[in-house]
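Since every read-out is calculated from the coordinates, none of them should be taken as a lab result. As the structure is a prediction and not an experimental result, all values here were calculated from the model. In this analysis, Cβ positions are derived from the backbone assuming ideal geometry, glycine residues included, and neighbour counts consider all displayed protein chains.
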């Protein structure tokens, strides 16, 4: 136990004020025996103290939950702003394959891929997960966004024909659905 630098009141090691034990007996003042009215008031104040302690605990829980929600929201916003950077790397790699002379292509691609892996690893460490949508997977509207459709004879249900843009989750929450071309039953 320490004393508060501001007011000299007792403090726990974690910086929280020391709260006296609620069940400890309250000594009678100057040897006086409390009467019935005094005992009733004592019970009333003990009840108020218990309620105040419970309210404080509830407040602490609510505040902790709110801090967690704000942290998650902040993380989601940051990652949402960085996802287009990952998309730009994917587009740049595709452009290198088309526009760079073959002798330089491998060096460019290796560089783009290394940078892209580093960015993705950093974001994954913050809770980002890429949503897989393999070709011929069943179309799920909760994870996939149909950007294009094509009628395909013989299908029983809509299937993913092509992934046009990756989808992402942060800590299990959908940030962006996988944008896909969907084969529709004919």
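Computed extension length for residue 147-residue 132: 3.8 nm, one decimal, from 0.36 nm per residue of separation with the Cα-Cα distance subtracted.
Please give the contour-minus-distance gain from residue 48 to residue 60: 0.36 nm per residue of separation, less the Cα-Cα distance, rounded to one decimal in nm.
Once the chain is fully extended between residue 48 and residue 60, it gains 2.5 nm.
Applying D = kT/(6 pi eta Rh) to region 51-141, where Rh is the Kirkwood radius over alpha-carbon pairs, T corresponds to 10 °C and eta to 1.306 mPa s, the Stokes-Einstein value obtained is 94 µm²/s. Taking a point 7 Å from the Cα of residue 91 along the Cα-to-Cβ direction, the residues of region 158-186 with backbone N closer than 15 Å to it are 164-166.
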